[in-house]
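All remarks here apply to the structure that follows.
The values are calculated or read from the model by the stated rules, or taken from the named source; none is laboratory data. Given the structure is predicted, the values throughout are model-derived calculations rather than measurements. No Cβ is skipped: glycine too gets one built from the backbone with ideal geometry, and neighbour counts run over all protein chains shown.
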Amino acid sequence: MVDAPKRQGSTTEHLLGNQHYKASAQWQTLYENDKPVAELFHVAYTITDDSAAKRPITFVFNGGPGAASAYLHMGALGPRRVVFNPDGSLPRPPVQVADNGETWLSFTDLVFIDPLGTGFSRILPREAEKSDQPDDKAAGKPKDKPDDKAKKFWTVDRDLNALGEFIQGYLSAHHRWLSPIFIAGESYGGFRVAKLCRKLQQDYGVGLCGAILISPVMEFMLLEGSDYSLSGWATVIPSMAATAVYHGRVTTTDSPTTHGAKAADFARKTLIPLLALGSTAPEEEQQRVFDQLAELIGLPPEVVQRHRGRIDITVFARELLRHQQHILGLYDASVTAIDPFPDRLLNAGTDPTLEGIDRLFTGAINSHLRSTLEVDTTLTYNLLSFEVFKAWEFLPESDYRQGFVGSVDDLRVGMALNPYLKVYITHGIYDLVTPYFSSNHLADLMNLNPELRPNLTLRHFQGGHMFYTWDESRRLWWKDMRGFYRQVVGR
């Protein structure tokens, strides 16, 4: 195996309350055919005491694809976090970072991984290939562009293998093979977790104790509906209903959660059957169901009728508070912003929950890594890479299957391979992009063996895609996760 010159990382000691911990920010080399091809950047937090080898260890990543781990790192799990307003709304500049009283470090060691193309993770330049020709250009052999070499890592399978190789290598380098091992991922990271439940155990020999899926997308077919695919229209309805209660757009004494549960029942038993009938559904029956839908989600009946009960999340975000000339965030529909173009047919503004939040995490992670953890590098920290996102290949070229990629089958196989594996799935109820009822619906369709069903927990909180930015939700989630880890490891 050819060794690669490694970038210089850092190891520092810290104190949180009365707990000492070590932070190690390093690059770990990935290999192909015994040659170094890439370096994955990661930050590991470990408790330095005699029981370290027995402590759980959790490998954490975000999604995108193209997102670094900074969101979970600095938003909820790490020992330091970005300060939001108590209701999760954005504070005024400058960015504030504070000790995190709800850090998971209190019950597990943490390893935050930045997938290739994000954070400080980079593809290594290829060594000059030996050739009988004195000049490859003269021989008519085009050289690879750097982005072409990177793109081979931006596929579902290669990305999962990179994470598997990293986890296997980390466990070996730090003598943690006998520790209770967990994985946690947010959004597309939840998709990764579901896939890795099978791959880590089947291909890399990593026995998992627990898997945590945070605001996951597990089946891409549920991200949106069409004239011919109906479930996507139904699974977002409970989130719309909960949002309508939050903004006072429905007449009810129910909480957002209770109203959302009623909407879920309606979506299953009434909306999907009607949409499945298509044009054969009697007009009066359509009108009755559309009026009921409008009442549940707070939209004018004429809007629901015009869209024939197929309410796109962008339509809902534009129409719910149109009378106030406000739009909703898609990732957290409790968040609103002034509509800059209220008279235009289509929304021409930006999503207040996507573009607005990056300034906080960019400032926080750069300050934390470069100042607190003393990482000395001239590399730019790629918080969210749209280059990676746009280049991502979801289906392999050699695969004859068509349609949408999914991960629930892999999760089912992983749970069957290891009947002791505990899985925890969680969402924010105001998230319209990866709605909570999608996961509930999929869990009901998994047809898990009765012996395995108790191993699957679904729990949802007030908030959006990053519900942990809400102070109360983060506290409740931390308490829930502490109990989850204690249940899994038995202490």
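Given the criteria surrounded by fewer than 20 Cβ atoms within 10 Å (Cβ to Cβ) and over 25 Å from Asp203 (Cα atoms), does Asp431 qualify? Judged against the criteria, Asp431 is not a match. Taking the criterion of being part of a strand (DSSP E or B) and either among the hydrophobic types (A, V, I, L, M, F, W, C) or surrounded by fewer than 22 Cβ atoms within 10 Å (Cβ to Cβ) (or both), the residues of the stretch 68-101 that qualify are Arg80, Val82, Asp87, Val97, Ala98, Asp99.
Restricting Thr353, Thr314 to residues that are part of a helix (DSSP H, G or I) and not aliphatic (A, V, I, L, M) narrows the list to Thr314.
A quick yes/no check of all residues on (1) in a helix (DSSP H, G or I); (2) out of contact with any His (no Cβ under 6 Å at 6 or more places or on another chain); (3) modelled with pLDDT under 95:
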site: Ala211; (1), (2), (3): no, yes, no
site: Thr251; (1), (2), (3): no, yes, yes
site: His259; (1), (2), (3): yes, yes, no
site: Thr270; (1), (2), (3): yes, yes, no
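Would you be able to say whether some residue in the stretch 394-409 is modelled with pLDDT of 95 or more and among the hydrophobic types (A, V, I, L, M, F, W, C)? Within the stretch 394-409, one or more residues are modelled with pLDDT of 95 or more and among the hydrophobic types (A, V, I, L, M, F, W, C). Residues in the stretch 272-311 that are basic (Lys, Arg) and part of a loop (DSSP other than H, G, I, E, B): how many? Residues that pass the stated criteria total 2.
Taking the stretch 398-491 and the helices (runs of 4 or more DSSP H) fully enclosed by it, no element has 2 or more residues that are among the β-branched types (Val, Ile, Thr), touching an Asp or Glu at 6+ places or on another chain (Cβ under 6 Å) and outside the structural domain of Ala261 (by TED's automatic domain parsing). Within the stretch 102-123, the set of residues being closer than 17 Å to Ile167 by Cα, β-branched (Val, Ile, Thr) and not in a loop (DSSP other than H, G, I, E, B) comprises Val111, Ile113.
The residues listed here are Gly78, Gly66; of these, the one that is under 20 Å from the mean Cα position of the chain (by Cα) and on the phi > 0 side of the Ramachandran plot is Gly66.
Considering Asp444, Asp471, the condition of being under 23 Å from Ala263 (Cβ atoms), charged (D, E, K, R) and more than 18 Å from the chain's Cα centre (by Cα) is satisfied by Asp444 alone.
Just one of the listed residues (Gly207, Gly164) is outside any helix (DSSP H, G or I) and of a type outside the set (Phe, Trp, Tyr), namely Gly207.
In a residue-by-residue description of the stretch 228-245, the property of being under 12 Å from Tyr436 (Cβ atoms), surrounded by fewer than 24 Cβ atoms within 10 Å (Cβ to Cβ), in contact with a Phe, Trp or Tyr (Cβ under 6 Å, 6 or more places away or on another chain) and not assigned by TED's automatic domain parsing to the domain that holds Val156 applies to no position.
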